[in-house]
Structures are given as structure tokens and as C-alpha cells.
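The values are calculated or read from the model by the stated rules, or taken from the named source; none is laboratory data. All of these numbers come straight from a predicted model, not from anything done at the bench. For neighbour counting, all protein chains shown are included, and Cβ atoms are generated from backbone atoms with ideal geometry for every residue, glycine included. We work out accessible area using only protein heavy atoms, side chains counted, and drop any ligands, DNA or RNA first. Shrake-Rupley method; radii C 1.70, N 1.55, O 1.52, S 1.80 Å.
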Amino acid sequence: MKNLIDFVRKGASLLGGAFIIAGSGHALAEPTAGEIHLLAAADVVILGEVHDNAAHHQIQADILNALSPKAVVWEMITQTQAAALSGIDLKDATRVSAQLDWGNSGWPEFELYAPVFAAATGAQQFGGLVPRAQAGEVMERGAASFFGDDAALFGLDQRLSEAEQQAREADQLSNHCNALPAEMLPRMVEFQRLRDAALAKATLHALKATGGPVVVITGNGHARKDRGIPVYLTQARPDLSVVTVGQSENGQVAGAFDLVLDSDPVERPDPCLAFQ
């Protein structure tokens, strides 16, 4: 693993400095006010991740500790689950994991996320996960059906351009090892739009309830500026200041972000084996 992970501003230095964190996740030096100004001044900070990369989660925890947001929105849990965390010590990994029934969630082991939940202590928790029971219906009827009258607020009443639709379908096919039938691709794109908009809606709920700032914990795909949560936040609330952070592995990450943090990749089996 690299000894250092630097905050890198796309196209420019971060106010003349770098927010430097050790590969182990421990800060080498206290960040200056100038170094964290971009994040601290935002209404919403969206922290991306590769879900099974422990370094990414430790960095998220470090940023949460530095920012002390009023609210944290999680891609991994529903609003019902988030509400159930009220009164629970978020530093008690065993209890939090049990409360969330994490072992049956399908997410990587809770040990990876434990530092992030611990760092969220003191903030109000919100969930942006679409319940599984509704996912199938949405894929059949479209994302707008899930939001009802709020669909227009997030632009879900409008179709993507043909070029954008094709680009997203191609990405879905590639991301699923070219194993999805063609008729599934539009549904997968629509479900991704739903999840992005659902996280944006949860973020607006968190802002209204707490006044912000809000930090969102999510995968890189949802954090990206060109397709993810920021698109729907800007559609609904163009007045908001939103900063999005992507986390790459050996410099590789898809999409556009305000900041990119890099760390070593995790050794993992070939994901395409699952499709064989």
C-alpha cells in the first residue's frame, strides 16, 4: 500500500495544499483550514468509494471526523434502518451490525464500514437505499413511478438523450461482464437513475431536518458529477454547494469529480466468474 494518499484537485491544486493521510488511515498532520476549506464550505459533501476497499472507508472516516457534519446519508441502508440507529452507540460495531442485519444485506463485511459509522457519531443518520420490495416494480414501470409527483423535481419525467442512454447501457453491459441480455440494459439504466435520485431526495431530507452540512457515503458511481447524485441535487436545488469526492485505485476511476483520492487496489477475485 502506498505510504501516502493525497487529495488531488482536478485541474488545480487544492488551495495551494494537500490533505495528506497515511495509507493506514491515520493523519500524518492536522489539515489546515485552507486545505479543508473546499469541503467544509459545502452544503453537501459526497464521498465515493469502492465498496470493498478498506482504505477508502478509512479515508471517509477521517473526512467525517474533520468535518463533523450535522447529517450522514448512507447508500447502504433504508430510511427505516437509519431511524432505528437513533440512540445506538455507532462506535459499537457489533450492535450496529446486528441492528442493521448487515450480514444479510449483501454488502461487504461490516468491519470495513465500522470506522465510517463510528466517525458518524453525533450526526443524524439518513438512509437512501431503495427497499428491495420496490426495486422490481420500479425496473418494470420506471423511476418516475417511485417518486410520483416529485419525479419532475428530479428530472425523472424526462428521458435521457439517445446518446446518453446508449452510453449508459454500454457501461452497464461492460460492468456486468457483457453477460446481460440486451432487453435488461434499459431497466438497469433506469434503476441506476432511481438510486441516484433516491439518494438525492434523502440528502434534501437530511438538509431540511438538520440544516446541514450533509455528508453522503456511497459508491463512486453514485458520487460522480456527470451522472450521479449531484445531477439530481442540482436539478432540485441549484442553489446548493455540492462537492463530490471520488476514490480511485491506482488512479483508475470512471466519471467526473471535484476531488479524486487515490489508493492501492484490493486483491479480489475476477468478478466475471460469477457470470459464468
Among helices (runs of 4 or more DSSP H) lying entirely in region 175-245, which contain 2 or more residues that are open to solvent by 30 Å² or more (accessible area, probe 1.4 Å), at pLDDT below 95 and over 23 Å from residue 52 (Cα atoms)?
-> 185-210
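Against the definition (at pLDDT 95 or above and assigned to a loop (DSSP other than H, G, I, E, B)), how does residue 112 come out, yes or no?
Numbers: at pLDDT 95 or above: yes; assigned to a loop (DSSP other than H, G, I, E, B): no.
No.
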Quickly run through region 129-146 and pick out the residues that are of a type outside the set (Asp, Glu) and touching a residue at least 40 places away in the same chain (Cβ under 8 Å).
-> 129, 130, 131, 135, 138, 139, 142, 143, 146
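Looking at region 148-163, which of its residues are open to solvent by 50 Å² or more (accessible area, probe 1.4 Å) and part of a helix (DSSP H, G or I)?
Applying the first criterion (open to solvent by 50 Å² or more (accessible area, probe 1.4 Å)) to region 148-163 yields 149-150, 152-153, 157-159, 161-163.
Answer for region 148-163, where residues must be open to solvent by 50 Å² or more (accessible area, probe 1.4 Å) and part of a helix (DSSP H, G or I): 149, 150, 152, 153, 162, 163.
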Can you tell me which residues in region 246-258 are buried (at least 21 other Cβ atoms within 10 Å of the Cβ) and not small (Gly, Ala, Ser)?
-> 247, 257, 258
Of the conditions (1) free of Cβ contacts under 8 Å to residues at least 40 places away in the same chain; (2) open to solvent by less than 50 Å² (accessible area, probe 1.4 Å); (3) closer than 22 Å to residue 73 by Cβ, residue 126 clears all except one; give me its number.
-> (1)
Could you give every pair whose Cβ atoms fall below 6 Å, whose first residue belongs to region 196-208 and is more than 11 Å from residue 236 (Cα to Cα), and whose second residue is of a type in the set (A, V, I, L, M, F, W, C) and assigned to a helix (DSSP H, G or I), counting only separations of at least 6 or pairs across chains?
-> 196/229; 199/229
Out of 103, 136, which single residue is in contact with a helix residue (DSSP H, G or I) (Cβ under 9 Å, 6 or more places away or on another chain) and not in a loop (DSSP other than H, G, I, E, B)?
-> 103
State all residues of region 57-70 that are out of contact with any helix residue (DSSP H, G or I) (no Cβ under 7 Å at 6 or more places or on another chain), part of a helix (DSSP H, G or I) and either open to solvent by 10 Å² or more (accessible area, probe 1.4 Å) or modelled with pLDDT of 95 or more (or both); if no residue qualifies, say none.
-> 62
Name, by its number, the condition in (1) modelled with pLDDT of 95 or more; (2) surrounded by fewer than 20 Cβ atoms within 10 Å (Cβ to Cβ); (3) part of a loop (DSSP other than H, G, I, E, B) that does not hold for residue 42.
-> (2)
